[in-house]
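The values are calculated or read from the model by the stated rules, or taken from the named source; none is laboratory data. Please read all numbers here as calculations on a predicted model, not as lab measurements. Glycine gets a Cβ as well: all are built from the backbone with ideal geometry, and neighbour counts include every protein chain shown.
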Amino acid sequence: MKEPGKYRKIPSPAPYWGNSEDFLLEVYHRLFACYGPQYWWPAQSPFEVIVGAILTQQAAWANVEKAIANLKGHEVLNPAALRCLPIEELGQLIYPSGYYHSKALKIKSFVDFLREHYNDNLDELFAQDISSLRAELLSIPGIGEETCDSIILYAAGKPIFVVDAYTRRIMRHLGLGPSNNSYAAWQNLFMQRLPHQERLFNEYHALLVHHGKKVCKKLPLCERCCLLCLCSFPKPEDSETLSVGLF
């Protein structure tokens with residue numbers, strides 16, 4: 001007999017590509033039923049979302065909140081004030097978020113771009129279609145794909161799916177994923193199979209992040225998982241008796 005708590009390998013389920021639309025929506029509905037709305041992005045303005053999207057690169061959100069609070073406390077959370085702020089002083093204010101010097105340079109790059117091309121008018125920047133807006137944002141030093149798409153989804157309110165490490169991990173555990181690991185391939189997995197609705201993409205991404213942080217970790221807490229019956233990850237021996245408490 002195997003020791004308690006050991007895992008048994010179970011066969012991966014058949015690929016869900018044939019009905020992956022239904023499968024992805026089932027995942028969403030189960031996550032939403034378990035956790036409820038996540039109220040993302042936690043910010044008071046679109047510009048705050050943009051700064052937060054830069055600061056959250058390789059940082060815990062609690063530390064980003066400290067950096068944002070510093071910027072608000074010094075009344076510099078606006079494009080004009082950030083441009084005038086010396087790079088060293090900006091770095092000190094955002095120090096809690098880590099990589100503070102490189103992030104200060106990224107913030108400076110964005111506010112310089114915003115003045116040069118849009119006279120600090122975010123509404124004008126966001127008036128573009130998603131493809132044009134994405135191309136412009138990606139041209140700014142320090143704005144990568146995940147940060148870019150976070151800005152488009154959460155600041156501009158346009159339907160684009162944000163992919164992160166939590167998304168990849170959870171979907172792999174569920175037995176669903178693209179043939180390559182590129183950001184575009186993962187994003188297409190959702191964009192090609194879900195309705196293009198800003199509210200859906202917003203909530204789905206937030207729910208995946210919450211689930212990845214709390215349950216579907218690198219060593220997942222399967223006994224707590226609301227997706228257990230959908231999952232192809234090796235289960236505990238007694239997984240058949242676990243209650244996921246969904247409904």
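Does region 152-166 include one or more residues that are among the acidic types (D, E) and either in contact with a Gly (Cβ under 7 Å, 6 or more places away or on another chain) or more than 24 Å from Y204 (Cβ to Cβ) (or both)? No, region 152-166 contains no residue that is among the acidic types (D, E) and either in contact with a Gly (Cβ under 7 Å, 6 or more places away or on another chain) or more than 24 Å from Y204 (Cβ to Cβ) (or both). Evaluate the following for V64: is it farther than 18 Å from I152 by Cβ, of a type in the set (V, I, T), crowded, with 20+ Cβ neighbours inside 10 Å and modelled with pLDDT of 95 or more? So V64 passes the test.
Scanning region 25-38 for residues that are in a loop (DSSP other than H, G, I, E, B) and touching a residue at least 60 places away in the same chain (Cβ under 8 Å), we see that the one that is surrounded by the fewest Cβ atoms within 10 Å (Cβ to Cβ) is P37. Is there a residue being more than 11 Å from the chain's Cα centre (by Cα), part of a helix (DSSP H, G or I), basic (K, R) and closer than 17 Å to E21 by Cα anywhere in region 183-198? Taking every residue of region 183-198 in turn, none turns out to be more than 11 Å from the chain's Cα centre (by Cα), part of a helix (DSSP H, G or I), basic (K, R) and closer than 17 Å to E21 by Cα.
With respect to G142, is the statement that it is surrounded by 14 or more Cβ atoms within 10 Å (Cβ to Cβ), assigned to a loop (DSSP other than H, G, I, E, B) and out of contact with any helix residue (DSSP H, G or I) (no Cβ under 7 Å at 6 or more places or on another chain) true? Considered against the rule, which asks whether it is surrounded by 14 or more Cβ atoms within 10 Å (Cβ to Cβ), assigned to a loop (DSSP other than H, G, I, E, B) and out of contact with any helix residue (DSSP H, G or I) (no Cβ under 7 Å at 6 or more places or on another chain), G142 comes out as no.
Pairing residues of region 78-93 that are closer than 17 Å to E65 by Cα with residues that are surrounded by 12 or more Cβ atoms within 10 Å (Cβ to Cβ) and of a type in the set (S, T, Y), at Cβ distances under 7 Å and at least 6 apart in sequence or on separate chains, gives G91/Y100. When the test is whether a residue is over 22 Å from Y204 (Cβ atoms), surrounded by fewer than 21 Cβ atoms within 10 Å (Cβ to Cβ), at pLDDT 95 or above and hydrophobic (A, V, I, L, M, F, W, C), L114 does not pass it.
For region 198-247, the tally of residues that are modelled with pLDDT under 80 and among the small types (G, A, S) stands at 3.
Would you say S132 is of a type outside the set (D, E, K, R), touching a residue at least 24 places away in the same chain (Cβ under 8 Å) and part of a helix (DSSP H, G or I)? Spelling it out, it is not the case that S132 is of a type outside the set (D, E, K, R), touching a residue at least 24 places away in the same chain (Cβ under 8 Å) and part of a helix (DSSP H, G or I). Within region 175-186, residues that are touching a residue at least 24 places away in the same chain (Cβ under 8 Å) sit with their Cβ atoms under 6 Å from residues that are surrounded by 15 or more Cβ atoms within 10 Å (Cβ to Cβ) and part of a helix (DSSP H, G or I), at 6+ positions apart or across chains, in these pairs: Y183/E145. Against the list (1) without any contact (Cβ under 8 Å) to a residue 40 or more places away in the chain; (2) part of a helix (DSSP H, G or I), the condition L153 fails is (1). The listed residues are G142, G73, and the only one of them that is within 27 Å of L189 (Cα to Cα), out of contact with any strand residue (DSSP E or B) (no Cβ under 9 Å at 6 or more places or on another chain) and of a type outside the set (A, V, I, L, M) turns out to be G142.
Filtered by the rule that a residue be more than 11 Å from S97 (Cα to Cα), free of Cβ contacts under 8 Å to residues at least 60 places away in the same chain and surrounded by fewer than 20 Cβ atoms within 10 Å (Cβ to Cβ), region 46-61 gives a lone residue, E48.
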